[in-house]
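What follows is a set of notes on a single structure, which appears directly below.
The values are calculated or read from the model by the stated rules, or taken from the named source; none is laboratory data. Since the model is a prediction, treat every value here as computed from it, not as a measurement. Virtual Cβ from ideal backbone geometry, glycine too; neighbours counted across all protein chains shown.
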Amino acid sequence: MLTSRVKYFLAVWRKRSFKQAALSCGVTQPSLTYGIKTLEEKLGGPLFHRHPHVVLTDLGRRVLPHVKRMEKAAKAAASEAAGSGALSPDHTRRRISKGGDGSQHRLTLFHQ
């Protein structure tokens, strides 16, 4: 449910490395870097000092508590949804309903 850019931000913050963050997110480093740059453009400034070690900038420190709350809320929403019905292996909640003719129809309600 979190956007990839938010996941990337948290991964870089946790790993203190773009390379390690990319590995943990299952993406290439250029993809992760592009996502972070896009987020930085939207927020109006750099989120990380990149040399010699990756650390948060002032903007990054101000944004971090909000992003962590977003992550917590997304996990709570997924947990709530999982408690009210089964999630498929790809984290898509589906409801099966029977049509008047006995056929089954699958409705995708949301995708994490």
Condition broken by K72, with the remaining ones in (1) in contact (Cβ under 8 Å) with a residue 24 or more places away in the chain; (2) under 12 Å from the mean Cα position of the chain (by Cα) satisfied = (1)
From the set of residues in the range 43-53 that are over 11 Å from F9 (Cβ atoms) and in contact (Cβ under 8 Å) with a residue 12 or more places away in the chain, which is surrounded by the most Cβ atoms within 10 Å (Cβ to Cβ)?
-> P46
Residue satisfying all of: in the range 24-36; closer than 15 Å to K7 by Cβ and loosely packed, with under 13 Cβ neighbours inside 10 Å; farthest from the chain's Cα centre (by Cα) among these | T28
Which members of the range 54-112 meet the condition of being modelled with pLDDT under 90, of a type in the set (A, V, I, L, M), part of a strand (DSSP E or B) and surrounded by 14 or more Cβ atoms within 10 Å (Cβ to Cβ)?
-> L87
